[in-house]
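Structure, as structure tokens:
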Amino acid sequence: MKFYEEALGLKEVRRKEAEDGSFVIVFLGDGETNFSLELTWMKGRTEPYDLGEQEYHLAMATDNYDEAFKKHENMGCSFIFS
């Protein structure tokens with residue numbers, strides 16, 4: 001949660017927890033738009049959580065690319081350019 005807030009400016013807007021405690025779903029937002037990022041934690045799961053493609057990425061727009069790049073570089077985030 002700390003990473004998403006510091007790196008992307010996202011904060012928790014709502015959460016769903018299973019009655020049996022088996023999972024937690026947290027929805028993050030930017031506070032300005034209706035954008036929502038869903039994070040799921042499957043408690044106790046030891047096997048990979050594979051939805052098929054095994055290609056995961058998150059793309060976002062920024063008003064100041066150079067500033068965002070420097071911030072994320074200083075945080076040790078990795079980048080892939082295509």
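So, in nm, how far is label Lys70 from label Glu32 when the simple model puts each one 7 Å beyond its Cα toward the Cβ?
1.9
What is the chain's relative contact order, in percent, from Cα pairs under 8 angstrom and six or more apart in sequence?
The normalised contact order for the chain reaches 19 percent.
Let me know the whole percent of all Cα-Cα pairs from the chain that are separated by more than 16 Å.
64
Say the cut-off is 23 Å between C-alpha atoms; which of Lys2/Lys71; Lys43/Lys71; Lys16/Lys70; Lys16/Lys71 go over it?
Lys43/Lys71; Lys16/Lys70; Lys16/Lys71
Name the residues whose placed amide hydrogens come within less than 5 Å of the amide hydrogen of Leu10, ignoring near sequence neighbours (fewer than 5 apart) on the same chain.
Placed amide hydrogens put Glu5 under 5 Å from Leu10.
Distance in nm between label sites at Thr40 and Ala7, each 7 Å beyond Cα in the beta-carbon direction?
Spacing of the two 7 Å Cα→Cβ label points: 2.0 nm.
Rule-based calculations on the coordinates, nothing more; no lab input. Only a predicted model underlies this, so the values are computations on that prediction, with no experimental measurement involved. Note that each Cβ is placed from the backbone with ideal geometry, even for glycine, and that neighbours are counted across all protein chains shown.
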